[in-house]
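What follows is one structure encoded as structure tokens, with my remarks underneath.
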Amino acid sequence: MPSDSYFFAQPHFLRIAGLNRLEVISLLDKADSYVEQSRRRQKTSDRLQGLTQINLFFEPSTRTQSSFEIAGKRLGLDVINMPIGSSSVSKGETLLDTAVTLNAMHPDLLVVRHGASGAAELLSQKVDCAVINAGDGTHEHPTQALLDALAIRRTLGDLDGLRVAICGDIAHSRVARSNVALLNLLNVEVRLCGPPTLLPSDADRWGAEVFHNMDEAVADCDVVMVLRLQSERMDSAAIPSKREYFRFYGLDRNRLSHAKPGALVMHPGPMNRGVEIASDIADDLSISLVTKQVEMGVAVRMAVLDMLATARNEAI
Ligand code: ASP
């Protein structure tokens, strides 16, 4: 059982921007201890027994929703997944009406994914419980950035001084935004690379160097993080064709050879194989962290649930 000598006193977990280095390191350290709990045969504890967690996912999700569900159950929480498709939301109930309704059931933790940037923050102003952002539009996906950092830290050790390239559809990626903010806090040199149509106009102000040529972007990097081409969020003119996209921005062995020898490859999933990443790279366990990222996701979410529940308990 982890000790409580960690520093994190936020009422909600909405974004990485605004957190400090100590808070991030506290979360990563706590998550580390939950990796060990998750590897044991007996994975469940009664740490947060008696508390209720509601998962409210307005966008489809496989790994994030199941990861939050497993994380809650491993801490002894009662976890409820709201079935959005068959709920009043499909009858036109607004986000805020749904929030007020759920709030009346006295949940302690509300995990929200929504297609609108800022939705989790809006909810947090209307409910009494702690709100966790599980991805809001193109804004942030803070637990993804934490799990990515934990996967790197457990493989390479300290992140200080590493060079990481984040490549692909930056414009639509909440993963990229959260990662740049977090990696900056941990003194990582970050590069962003994508076609001009998939890079936001203010990308040069994010705290990263911007590239359009992928070979140059990955040169001498320790880690190459590839993002999904988010076709559901873009108009068709953003790329000429998927085949053309792979030719210029897909990660294959040849392109990866420009990075440091043994450089690690990451992808938040779900992957478009043959579009942004070649299958043989994604499946090569000697360099690919993709499954480790999923494993770290559960531990990081346990840490966030625990820190928020503990901070609230202490505030009462
Ligand atoms: N699963 C991540 C997200 O929800 C990445 C992606 O969908 O491409 O943002």
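Do we have Arg63 as at negative phi and modelled with pLDDT under 95 here?
Details: at negative phi: yes; modelled with pLDDT under 95: yes.
Criteria met by Arg63.
Among the residues that make up segment 294-315, is at least one of them more than 16 Å from the ligand (Cβ to nearest atom) and not in a helix (DSSP H, G or I)?
No, because not a single residue in segment 294-315 is more than 16 Å from the ligand (Cβ to nearest atom) and not in a helix (DSSP H, G or I).
I'm trying to understand the selection: among the residues of segment 73-87, which are open to solvent by less than 50 Å² (accessible area, probe 1.4 Å) and at pLDDT below 70?
If the condition is that a residue be open to solvent by less than 50 Å² (accessible area, probe 1.4 Å) and at pLDDT below 70, then Ser87 is the only one that fits.
Check Asp204 against each of (1) open to solvent by less than 40 Å² (accessible area, probe 1.4 Å); (2) at pLDDT below 95; (3) assigned to a helix (DSSP H, G or I) and name the one condition it does not meet.
Of the numbered conditions (1) open to solvent by less than 40 Å² (accessible area, probe 1.4 Å); (2) at pLDDT below 95; (3) assigned to a helix (DSSP H, G or I), the odd one out for Asp204 is (1).
Can Arg247 be described as without any contact (Cβ under 8 Å) to a residue 12 or more places away in the chain, away from the ligand (no atom under 16 Å from the Cβ) and either among the basic types (Lys, Arg) or touching an Asp or Glu at 6+ places or on another chain (Cβ under 9 Å) (or both)?
Numbers: without any contact (Cβ under 8 Å) to a residue 12 or more places away in the chain: yes; away from the ligand (no atom under 16 Å from the Cβ): yes; either among the basic types (Lys, Arg) or touching an Asp or Glu at 6+ places or on another chain (Cβ under 9 Å) (or both): yes.
Spelling it out, Arg247 is indeed without any contact (Cβ under 8 Å) to a residue 12 or more places away in the chain, away from the ligand (no atom under 16 Å from the Cβ) and either among the basic types (Lys, Arg) or touching an Asp or Glu at 6+ places or on another chain (Cβ under 9 Å) (or both).
Suppose we keep only residues that are in a helix (DSSP H, G or I) and open to solvent by less than 50 Å² (accessible area, probe 1.4 Å) within segment 244-290. Which one would you say is nearest to Cys193 (Cα to Cα)?
Initial filter on segment 244-290 (in a helix (DSSP H, G or I)): 244-249, 253-256, 279-282, 290.
After this cut, where a residue has to be open to solvent by less than 50 Å² (accessible area, probe 1.4 Å) as well, the list is 245, 249, 255-256, 279, 281-282, 290.
Numbers: Tyr245: 13, Tyr249: 9, Arg255: 13, Leu256: 14, Ser279: 20, Ile281: 19, Ala282: 19, Val290: 20 Å.
Checked segment 244-290; the qualifying residue nearest to Cys193 (Cα to Cα) is Tyr249.
For segment 234-243, which residues satisfy the criterion of being modelled with pLDDT of 85 or more and assigned to a loop (DSSP other than H, G, I, E, B)? Walk me through it before giving the result.
Applying the first criterion (modelled with pLDDT of 85 or more) to segment 234-243 yields 241-243.
Across segment 234-243, the qualifying residue is only Ser241.
What do you reckon, is Ser231 modelled with pLDDT under 95, within 16 Å of Asp169 (Cα to Cα), away from the ligand (no atom under 16 Å from the Cβ) and of a type in the set (Ser, Thr, Tyr)? Can you show your working first?
Values: modelled with pLDDT under 95: yes; within 16 Å of Asp169 (Cα to Cα): yes; away from the ligand (no atom under 16 Å from the Cβ): no; of a type in the set (Ser, Thr, Tyr): yes.
No.
The values are calculated or read from the model by the stated rules, or taken from the named source; none is laboratory data. It should be emphasised that the depicted structure is a prediction, and the values quoted were computed from it without experimental measurement. Neighbour counts are summed over all protein chains in view; Cβ atoms, including those assigned to glycine, are modelled from backbone coordinates with ideal geometry. Surface areas here come from the heavy atoms of the whole protein model, side chains and all, with no ligands, DNA or RNA. Shrake-Rupley method; radii C 1.70, N 1.55, O 1.52, S 1.80 Å.
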